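Beneath this line is the structure, given in structure tokens, with notes to follow.
Quick note: the coordinates plus some simple rules give every number you see, no bench work behind them. In this text, all values refer to a predicted model and were calculated from it rather than measured experimentally. For neighbour counting, all protein chains shown are included, and Cβ atoms are generated from backbone atoms with ideal geometry for every residue, glycine included.
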2 protein chains.
Amino acid sequence: MPEEAMEDLVADVFARACTSRLVLENVAGKWGILALAALSEGAYRFNALRRRVDGISEKMLAQTLQALERDGLVKRDVQATIPPRVEYSLTTSGQRVATKLIELIELVEGEMPEVRKAQAEYDGSR
Amino acid sequence: MPEEAMEDLVADVFARACTSRLVLENVAGKWGILALAALSEGAYRFNALRRRVDGISEKMLAQTLQALERDGLVKRDVQATIPPRVEYSLTTSGQRVATKLIELIELVEGEMPEVRKAQAEYDGSR
């Protein structure tokens, strides 16, 4: 079996060429993680989501949502109102990923007292 | 209570100024996630870790390890041999974070068949 076919069967994020690494980068990247966690609270319109994900630019949010939509994690619903109402929400896959990301976020938030202590020690010893 | 003091008490990754967001970026960023997951397999010397995290540059791995060491997630042990042997391993905090990251990696790898289907549909409809 050629190596490329093998890679298609077993996803391995450690392998540079595996598409799963790109998906991991989309979901765990700086903005992907926050967009998915926000959408786990419910559907959002673009501007409301932008306010929730404090500090993201319009362009970066559009790119983030497009990548997540392409990966099948976020869906974009356009309602035929005047003006059209566009809402973003999670797919079933997206919900599973978002749940795990929220666990990660909560874990990191819980580690912060220890992290801050470590940072102070590290910075003090230089 | 001034706002900064509040922020110190409650970590909130959605807030642009919260230090927990920076830590989340270190652990969930492209290279942080792979370095932590690799180190959960055991201690690594620099060059062995670089081979494990396929595609990372020497400079980027050094930066990644330094940020994770500062956050108290990775420890750097220098053994007084000739030449000195430098090993990287996880702290207790780092182990907790790495365990959650591996759950995320396994979840994303498991979603890949659905993700690939979604990508093919998305690309076909443009």
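Listed from fewest to most Cβ neighbours within 10 Å, the set B:73, A:34, B:107 follows the order B:107, A:34, B:73. Closest approach to the axis carrying A onto B, counted by Cβ on chain A and given in whole Å with its residue, is A:28, 2.
Each other copy places its own label point for residue B:17 at 4.9 nm from this one, sorted shortest first, where the point lies 7 Å along the Cα-to-beta carbon line. Under the criterion of Cα pairs below 8 Å and six or more residues apart, the relative contact order for region B:1-102 equals 27 percent.
Taking each full run of DSSP H in chain B as one helix, which ones are at least 27 Å long along their axis (Cα atoms) and have mean Kyte-Doolittle hydropathy of at least -0.5? Don't skip to the answer; put the middle values down first.
Numbers: long enough: B:92-124 (46 Å, -0.43).
Membrane-span-like by this criterion, though nothing is claimed about a membrane: B:92-124.
Could you tell me how far the Cα centroid of region B:47-116 sits from the Cα centroid of region A:48-101, in Å? The two parts, judged by their Cα centres, are 30 Å apart.
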